[in-house]
Amino acid sequence: MLAYLPRPPTDTSQYGTFPQEPELPATPSALAQDSRQKASTSTAKRSAQMPNYPSPPCRGVIIPTEPSLLLSRGSMATQYRPSDLPRCPPPALRDTSTHWYPLHALSVPNIPNSARGRTSARSSAAAAVPAPEGLPSRCRKLLEEDGPAAQAGKRQRQRYVTKVGKCQVNLGNIQEKKRFLSDIFTTIVDLKYRWFLFVFMMCYIITWVVFGTIYLFDAWVRGDVWHQGDPEWQPCIENVDSFVSALLFSVESQRTIGYGSRMVTANCAEGVILLMAQSIVGSMIDALMVGCMFVKISRPKKRAQTLIFSKNCVISRRDEKLCLMFRVGDLRESHMVDAKIRAKLIKSRQTTEGEFIPLEQSELNLGYDTGEDRLFLVEPQIICHVIDCRSPFWDMSAESLRREQFEIIIILEGIVEATGMTCQARTSYTEDEILWGYRFEPCMSLEKGAFQVDYSRFELTFEVQTPLASAKELHDLRELEQQEHSTLSLYWDHLLQPCVP
């Protein structure tokens with residue numbers, strides 16, 4: 001649970017639960033620098049409120065922008081064109097906190113590279129942190145080891161659900177354990193195989209021993225043990241003179257073996273009653289144990305092992321929208337009937353009132369309103385979550401994604417075609433397993449009049465052009481461009497309007 005604890009906010013005064021560091025007296029140089037920064041920030045904010053009218057480009061001057069928010073991977077500085085440059089305010093008025101984007105930020109070409117796409121997210125994150133030049137190799141090595149990417153790789157994450165679908169939640173301090181005995185069938189089926197086989201054997205062995213002891217006690221009370229071989233004696237149970245012989249008679253009676261050397265005679269009523277009782281108890285044990293064995297062998301949990309998920313999620317643009325995607329496939333030729341898929345986001349948060357909610361579950365829309373969550377799982381399919389204003393990833397960029405701590409639980413449900421039982425397969429993705437700016441490689445081809453699925457390409461990804469800004473920032477940028485376009489259209493219509501005398 002500690003892996004999902006939210007980090008303390010920058011401004012902790014509104015919560016009152018985190019200790020604040022004592023303020024140090026500011027030096028005159030620090031005060032002067034702070035005043036200059038505030039002046040530049042306020043000037044930049046005032047300039048950001050004005051519409052971005054086109055202006056002549058600044059020749060020989062390139063204003064650097066924030067690459068982590070604007071440009072996609074693989075973009076080069078040589079691809080800038082003078083006609084695409086925005087207007088150039090003074091360098092002192094430029095502030096990276098204001099959302100000024102060049103019009104070419106979303107149209108920089110990029111060549112997909114499948115070899116680079118096969119790298120892991122950890123290696124790409126480590127490569128994104130450059131080491132300062134001019135430092136000794138020992139200092140650069142220490143900086144790389146203390147970087148956020150290296151710390152993320154060393155950090156041990158406690159998953160809520162493992163990759164194979166096992167829930168990492170242990171239940172403890174249960175007071176009313178008698179509830180498990182009221183549902184004895186499910187309790188036995190849920191046992192592990194070693195304990196299930198132990199219970200299976202002990203049910204029969206205990207029954208045989210108990211009834212064998214009763215048979216021996218009846219023979220001892222009636223005196224059949226002391227009159228073995230007496231032709232004039234009328235025994236209740238023949239040839240039962242020890243515990244071993246009574247145990248063999250119990251096994252023969254319950255399993256209907258009947259070798260013929262031991263049997264119950266009509267000389268006593270209790271022997272007949274005991275034989276009837278053992279037959280009824282044996283039938284009940286057979287029905288329970290055989291039923292549990294059949295259900296445990298044919299459980300749909302084993303069918304879920306042939307439903308596979310991709311090891312990583314990817315985030316890229318689809319139909320001009322940022323989408324979170326993963327791939328799911330079925331290894332069997334017998335298909336899942338009425339397959340449905342859904343996703344849960346597990347993340348801790350703190351409310352505005354200061355209440356801490358650990359492991360809060362929120363739903364990720366996988367096409368529930370359009371029916372896209374119902375799958376015809378014949379071939380591997382890419383499941384898409386559109387990052388819109390209702391998505392929890394709406395204001396999350398590639399930079400902020402590395403600082404978050406959450407887990408995405410994927411649940412695939414369906415009916416097994418062979419048995420008609422409901423099957424559920426689960427997996428999870430953490431923030432380290434999400435690749436920003438990648439897509440899945442196709443794994444289907446047409447061969448000899450049929451579609452061929454190559455599962456060796458199931459996990460492969462390749463890099464594509466994807467802005468590193470959040471979906472909210474891209475939406476604001478699109479609205480700003482539309483507003484500028486409409487303003488320019490009105491301006492040109494006014495200029496082209498003929499003069500009326």
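Observations
- When the C-alpha to C-alpha distance is required to be over 24 Å, the pairs from K166/K192; K311/K448; K311/K340; K178/K347; K177/K344 that qualify are K311/K448; K178/K347; K177/K344.
- Compactness of segment 303-476 - radius of gyration and Dmax, Cα, Å: 17.3, 64
- Modelled FRET efficiency - R0 35 Å, C167 with M201, Cβ distances, 0.05 increments: 0.70
- Derived scalar couplings ³J(HN,Hα) [segment 219-230; Karplus, 6.51 cos²θ - 1.76 cosθ + 1.60; whole Hz; x for Gly, Pro]: 5, 6, 5, 6, x, 5, 5, 8, 10, 6, x, 8
- Neighbourhood charge, 14 Å Cβ-Cβ cut-off, centred on R303 and excluding it, Lys, Arg +1 and Asp, Glu -1: +2
- Averaged per residue, segment 207-264 has 58 square angstrom of accessible surface, using a 1.4 angstrom probe with ligands and nucleic acids left out.
- Eigen-decomposition of the gyration tensor built on the alpha-carbon atoms of segment 189-298 gives equivalent ellipsoid semi-axes of 33, 12, 10 angstrom, largest listed first.
- Think of segment 303-476 as having a plus end and a minus end, set by charges on the Cβ of Lys, Arg, Asp and Glu; of H335, I387, S348, H335 sits farthest toward the positive end of this dipole.
- Carbon/sulfur fraction of accessible area - segment 303-476, other protein chains in place, 1.4 Å, %: 49 percent
- Full-extension gain in nm, I184 to T352, via 0.36 nm per residue minus C-alpha separation: 55.9 nm
- Here segment 189-298 exposes an accessible surface that is 72 percent carbon and sulfur, computed with a 1.4 Å probe and the other protein chains kept in place.
- Accessible surface, segment 303-476, averaged per residue in Å² (probe 1.4 Å): 48 Å²
- Residues with amide H under 5 Å from that of C384, placed H, sequence gap 5 or more: none
The values are calculated or read from the model by the stated rules, or taken from the named source; none is laboratory data. It should be emphasised that the depicted structure is a prediction, and the values quoted were computed from it without experimental measurement. Cβ atoms come from the backbone with ideal geometry, glycine included; neighbour counts cover every protein chain shown. Note: areas computed on protein heavy atoms with side chains; ligands, DNA, RNA excluded. Shrake-Rupley method; radii C 1.70, N 1.55, O 1.52, S 1.80 Å.
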